[in-house]
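Working notes for the structure below.
The values are calculated or read from the model by the stated rules, or taken from the named source; none is laboratory data. Not measured: the values here are computed from a predicted model. Because the Cβ atoms are built from the backbone with ideal geometry, glycine has one as well, and the counts that use them run over all protein chains shown. Ligands, DNA and RNA are stripped out before the accessible areas are found, and what is left, the full protein with its side chains, is counted by its heavy atoms. Shrake-Rupley method; radii C 1.70, N 1.55, O 1.52, S 1.80 Å.
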Amino acid sequence: MSYCSDEDLIAVVMSHEIAHAVAKHSNERMSQQMASQIGASVLESLLFNQSSETKLLAQSVYGLGAQYGVMLPYSRKQEYEADKLGLIFMAMAGYNIDRAVEFWSKMSDSSKSAPPAFMSTHPSDQNRIDAIKKALPEVSKYKKK
Ligand SMILES: [Zn+2]
């Protein structure tokens, strides 16, 4: 999780993974119940926005996710869908959705040298970043008032 230097960036990763779970992308890899439990607990922690607890939970969910195969490659279509849904979750939970562009840009740069594990299943490129930028105005409607 070294790419998640602060809470907004943790929120980018976690909301993206929750989006995969909520959109049932992981249907064949883990039980639906497991996916929804992970999604619910992470989303709850995001919503309550308690910094140290959020980080701890994010780490344990990340480990659990890896164990149950959440961090596996998805199709490009599923990635785009999870990006957009994840942005909506972030906005609803009060996080800065603009940071998503920064996160995926970092991931894109890191692929040129030594990619982290998350990177290998989540390749980022200019198309992905452009799609996220394009979604931002629409997603900002979900921002917590
Ligand atoms: Zn993904």
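Of the peptides 87-100, 9-22, the ranking by mean beta-carbon count within 10 Å, highest at the top, reads 9-22, 87-100. In this structure, the pairs whose alpha-carbon distance is over 20 Å, taken from K77/K144; K84/K143; K106/K144, are K77/K144; K106/K144.
When Y142, Y80, Y74 are compared by accessible area at a 1.4 angstrom probe, the order from most to least is Y142, Y80, Y74.
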